[in-house]
Amino acid sequence: MQVPFKEPIYVTRPMLAALEDYMPYFKEIWDSRILTNGAAKHEALELALAKTLEVPNLKLFNNGTIALLVALRALDITGEVITTPFTFPATPHSLAWNGITPVFCDIDADTMCIDPAKIEALITEKTTAIMGVHVYGMPCDVDRIQKIADKHKLKVIYDAAHAFKTTVRGNGIGNFGDISMFSFHATKLFHTLEGGALTFADSALAKKVDMLKNFGLQNPIDVSLVGINGKMNELQAAVGLVNLKLVEEERRKRAAIRVAYAKGLSGIKGIGLFKIPENVTDSLQYIVIRVGTEYGITSNELQKAFNAYNVFPRRYFYPLCTDYPCYNHLPPRHVNTARQAAEEVLCLPLYGALTLSDVECITDMIRFHASAKSSVSAKAEAI
Ligand code: T4K
């Protein structure tokens, strides 16, 4: 029997350098008194991230959700957009806020990303784009989606919130589709407290994206677009510049933790570990298990059992977006694969500061609950 952790173990903890490592950057900002509106730190971080993500164009934002809103405006998306219900609310909300109708498409059972085989049946004369989500950093089937988009003259937007440093066949994930959005929220491996970015291949979009995130200002007196305030400030950018230096070490630690989880979970009936294919570099954003019926209790019950041990895994993404009251006016869709995924998934704690012995305790808890349940049912059967 395990004992509860003294300190809570959350699904994630932000990667942070020592406070004094940020101070020289903050001092420069204080001395300059230029706090925002695209100054030195902002420029430096844009260049550094474009290099890290191996993309030709990268624009910073104050968060990933505003970045998505702007991406849709930049591409003049209207009407209906085919997207996934297995995501964070920000994905469909970015559509609804732009007056676009989200059309929810089922997901692929293995990747848990939008299922390309089910997209074409949802295309109508109002469809203008496909918005895929690289869930947990697992890439959508970018080749098949692009083929469908080319055939029907649709744009492709990717929500790559979880996919920092994911690559497909060695190619940075931000190079696929027309625009990709990355989130740099505190819960992401690389973060700027809050923040986000858009990446895109078409350099002609750069000026429009810059204007849209700055109120549509062309210059101080010409406002030619209906823009928004999507600017990342200098403090966020400074945090990003320091944190960027920590990314590789954090990734190394998370990779070792992932190995420890795989070892600790092996052979537990009904527990499946989400696997990243060989031609893909993992973003190491989440460690995801699927709790199947063979395990004996549901992912919801397992999550509650964990809470008693002071461990707080999360059910990303339950419920499905199709089940939010704000979308219940939309026609019902067949999203059975997504529904099953939402019932089964559980994101376990994953962050560099988690120790391998913490991981052992967590996997032991999962094993203990399986055996406790099976001994209870064995006794019930004997009676
Ligand atoms: N698209 C997708 C697919 C997304 O997943 C997201 C965001 C977006 C778009 C939108 O991107 P942003 O606009 O956020 O840039 C969290 C994050 O707030 C959210 O960014 C993220 N996805 C989502 C999956 O997770 P919550 O409601 O689960 O956060 P919260 O506050 O419960 O945090 C989870 C745990 O992390 C806490 O139990 C403790 C720990 N934590 C959290 C924060 C904020 C810390 O240790 N320190 C912290 O500062 O949404």
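The values are calculated or read from the model by the stated rules, or taken from the named source; none is laboratory data. These numbers were taken from a predicted model, which means no experiment stands behind them. Positions of Cβ are backbone-derived with ideal geometry, glycine not excepted, and every protein chain shown enters the neighbour counts. Quick note on the areas: whole protein, heavy atoms, side chains included, nothing else; ligands and nucleic acids left out. Shrake-Rupley method; radii C 1.70, N 1.55, O 1.52, S 1.80 Å.
Remarks
- Test: residue in the range 13-35 that is within 18 Å of the chain's Cα centre (by Cα), within 16 Å of the ligand (Cβ to nearest atom) and part of a helix (DSSP H, G or I): no
- Any hit, the range 60-68, residues being within 13 Å of the ligand (Cβ to nearest atom), assigned to a helix (DSSP H, G or I) and either in contact with a helix residue (DSSP H, G or I) (Cβ under 6 Å, 6 or more places away or on another chain) or over 25 Å from G172 (Cβ atoms) (or both): yes
- When the strands (runs of 3 or more DSSP E) confined to the range 125-222 are screened for residues that are within 12 Å of the ligand (Cβ to nearest atom), those reaching at least 1 such residues are found at 127-133, 155-159, 179-183, 196-200.
- Residues that are surrounded by 17 or more Cβ atoms within 10 Å (Cβ to Cβ), touching a helix residue (DSSP H, G or I) at 6+ places or on another chain (Cβ under 9 Å) and over 30 Å from E250 (Cβ atoms) occur in the range 305-324; there is at least one.
- Annotation note: of G216, G195, G292, G267, the sole residue that is small (G, A, S) and open to solvent by 60 Å² or more (accessible area, probe 1.4 Å) is G267.
- Some residue of the range 232-246 being open to solvent by 60 Å² or more (accessible area, probe 1.4 Å) and assigned to a helix (DSSP H, G or I): yes
- Test: residue in the range 72-92 that is at pLDDT below 95 and either away from the ligand (no atom under 15 Å from the Cβ) or in contact with a Phe, Trp or Tyr (Cβ under 6 Å, 6 or more places away or on another chain) (or both): no
- Complete set of residues in the range 75-130 that are in contact with a helix residue (DSSP H, G or I) (Cβ under 8 Å, 6 or more places away or on another chain), among the polar types (S, T, N, Q) and open to solvent by 10 Å² or more (accessible area, probe 1.4 Å): N98, T101, T111, T127
- Any hit, the range 287-297, residues being free of Cβ contacts under 8 Å to residues at least 12 places away in the same chain and farther than 18 Å from F86 by Cβ: no
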